[in-house]
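I have placed the structure first, in the form of structure tokens, so that the comments after it can refer back to it.
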Amino acid sequence: MTQPKLLAFAGSTRKGSLNEAMLRVAVAGAQAEGADVTHVTLADYPMPLFNQDLEAEQGEPDGAARLKTLFAAADGLLIACPEYNGSITPLLKNTLDWVSRKDAGGPGGRYYKGKTAGLISASAGRLGGMRGLVHVRQILTNLGAVVIPEQLAVFGADKLFGDDGVPEDEARAEQLRDVGGALARTTAKLIG
């Protein structure tokens with residue numbers, strides 16, 4: 001079976017992000033299933049707020065071009081999705097928008113079409129970011145990605161990790177690894 005290549009990132013660049021911490025656990029699950037995972041932080045790919053006039057005048061930002069290269073090389077996406085006001089974070093939406101833009105290589109949708117996606121979210125609140133996951137799933141589906149049914153919204157996530165960044169709730173950590181593993185297995189079957 002072909003080794004799946006996954007691109008992993010969180011829709012938060014906050015220092016001490018719970019979603020980034022959870023993503024590391026899910027990445028380990030994907031790697032345990034044989035996936036080759038490229039884990040990036042969006043802070044390393046700065047992009048202005050998407051504006052079509054700005055795009056026409058200045059072209060594609062370097063951060064978007066570099067991310068597109070990573071998206072093009074990936075078979076699937078593992079995304080940790082924080083929730084802001086019951087929806088997707090501005091950072092994550094802006095990233096998905098810039099990557100979806102047409103470029104010299106062809107239509108922007110090619111960076112999503114047919115790729116798998118696995119979603120997780122974390123929140124200190126009771127819903128664990130579930131409302132935001134619904135919106136991310138819809139956006140990725142509209143872009144042509146195959147979002148796997150396995151997902152995890154972790155409530156009370158501020159109590160999940162110890163000071164050393166290691167999960168203190170092994171059952172929750174196993175659920176996170178399971179999402180990463182499910183994405184790796186599904187992607188391997190699809191690219192097979």
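Computed from the coordinates by the stated procedures, all read-outs in this text should not be read as laboratory data. Remember, predicted model here, so these are calculated numbers, not experimental data. Please note: Cβ atoms are built from the backbone with ideal geometry, for glycine as well, and neighbour counts cover all protein chains shown.
One table, with the values for the structure above:
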read-out	value
So Val179, is it touching a strand residue (DSSP E or B) at 6+ places or on another chain (Cβ under 6 Å) and part of a helix (DSSP H, G or I)	yes
Qualifying residue in segment 87-98 (condition: closer than 24 Å to Ile191 by Cα, part of a helix (DSSP H, G or I) and aromatic (Phe, Trp, Tyr))	no
Among residues of segment 137-151, those that are touching a strand residue (DSSP E or B) at 6+ places or on another chain (Cβ under 8 Å) and more than 18 Å from Leu176 (Cα to Cα), counted	5
Cross-chain or 6+ apart pairs with Cβ under 7 Å, segment 174-192 first and over 23 Å from Glu20 (Cα atoms), then surrounded by fewer than 22 Cβ atoms within 10 Å (Cβ to Cβ) and among the hydrophobic types (A, V, I, L, M, F, W, C)	Ala188/Met1; Gly192/Met1
Gly76 vs. criteria under 14 Å from the mean Cα position of the chain (by Cα) and in contact (Cβ under 8 Å) with a residue 60 or more places away in the chain	yes
Residue in segment 140-192 that is farthest from the chain's Cα centre (by Cα), counting only those that are of a type in the set (Val, Ile, Thr) and surrounded by 15 or more Cβ atoms within 10 Å (Cβ to Cβ)	Ile191
Answer from Ala21, Ala56, Ala80, Ala35 - the residue that is of a type in the set (Gly, Ala, Ser), more than 25 Å from Phe155 (Cα to Cα) and surrounded by 16 or more Cβ atoms within 10 Å (Cβ to Cβ)	Ala35
Options Arg101, Arg126: the member that is within 13 Å of Phe71 (Cα to Cα) and either among the acidic types (Asp, Glu) or not in a helix (DSSP H, G or I) (or both)	Arg101
Condition met for Leu54 (touching an Asp or Glu at 6+ places or on another chain (Cβ under 8 Å) and either assigned to a strand (DSSP E or B) or free of Cβ contacts under 8 Å to residues at least 40 places away in the same chain (or both))	no
Residue list for segment 124-139, restricted to those being farther than 15 Å from Ala26 by Cβ and under 14 Å from the mean Cα position of the chain (by Cα)	Gly132, Val134, His135, Arg137, Gln138, Ile139
Given (1) among the small types (Gly, Ala, Ser); (2) over 20 Å from Leu133 (Cα atoms); (3) part of a helix (DSSP H, G or I), number of the condition Gly16 does not satisfy	(3)
